[in-house]
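Structure, as structure tokens:
The values are calculated or read from the model by the stated rules, or taken from the named source; none is laboratory data. Model, not experiment: these values are computed from the prediction. Quick reminder, even Gly has a Cβ in these numbers, built from the backbone with ideal geometry, and neighbours come from all protein chains shown. Just the protein is used for accessible areas: all its heavy atoms, side chains included, with ligands, DNA and RNA removed. Shrake-Rupley method; radii C 1.70, N 1.55, O 1.52, S 1.80 Å.
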Amino acid sequence: MGQFFSSLLPFTARGGYTSFLSLAIGLGAVCGILASLALTGLIVPSALPAIVAPIGASSVLVFAVPASPLAKPYAVIMGNAVSAAIGVLVSIAVPHQMLAAGLAVGLAIMVMTATRSLHPPGGAAALTAVLLHPSSAGPAAALLFPLVPVGLNSIILVCVGIAFHRLSGRSYPHHAVPASAPAETATGLHREDILAALHKTGEAFDIEPEDLERLLTLAEGNREARLFSALAIRPCAPYVQ
């Protein structure tokens, strides 16, 4: 029971989140949303919105957790656009909106998983397409919706994200820093061991195997340094002649 209630506690972000970085991330998201809204608004037809709500969720991933596989540019752009297209098709084929909403989100998850473009806001993009029902504004609007505004919003957001992270010194698109060969030997773990362990769990984790490998290597290095420090400060037994 205690474990259940502990799982309901707020998520605490791990890593180098400082007050300054949190502020910078927020400002980056402001720039990303404003750029998406302004630039898409220049070309989007009046029958369609200049921005869709799922882009707000995408900005959280792009700016706050750029190392997540779910925040990769391919996942952001492909996941949102493909899911929006599925939502449009389902809204046309299924007249009952409640049923269409469920089918659109479920199919979007299946297609994103199959195309390795899993992006949580994609489910919202599919649902948005059903609720807005762009085909009611004509076939052209229905065909255009996954590209403009959804696809263009996503591309602009990713471009702003790349520029922001370059300026802030973070990696986006994220590239895992490989573990050093001596450290890998010290841990006794190899990538095949990590991949096998991940496969055994039967779960999907929001982390790249390379990042996990590096974390384990750093943890092993920290353990060795801690043990060495403890041995160094341990008082020596008095010498008895």
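Expected output is a single nm value to one decimal: the length gained when fully extending between A137 and A219, i.e. 0.36 nm times separation in residues minus the C-alpha distance. What is it?
On the way: separation 82, 0.36 × 82 = 29.52 nm, distance 5.63 nm.
Result for the pair: 23.9 nm of gain on full extension.
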**Q.** Stretch gain in nm, segment M110-Y74, where the contour uses 0.36 nm per residue and the Cα spacing is subtracted
**A.** 11.3 nm
Q.
Given a 1.4 Å probe and heavy atoms of the protein chains only, how would you sort E192, E220, largest accessible area at the top?
A. E192, E220
Q) Hey, can you rank 137-144, 164-171, 65-72, 112-119 by average C-beta count inside 10 Å, highest first? A) 65-72, 112-119, 137-144, 164-171
Q: Quickly work out the L27-to-R191 label distance, labels modelled 7 Å from Cα along the C-beta direction, and quote it in nm with one decimal.
A: 3.8
Q. Each label point is 7 Å from the Cα along the Cα-to-Cβ direction; what then is the distance between the points at S229 and V65, in nm?
A. 2.9
Q: Within 10 Å, count the other beta carbons around each residue, average over each peptide in 44-52, 89-97, and list them highest first.
A: 44-52, 89-97
Q. How big is D, in µm² s⁻¹, for the range 30-135 by Stokes-Einstein at 4 °C and 1.567 mPa s if Rh is the Kirkwood radius over C-alpha pairs?
A. 93
Q. Accessible area of H174, 1.4 Å probe, to the nearest 10 Å²?
A. 50
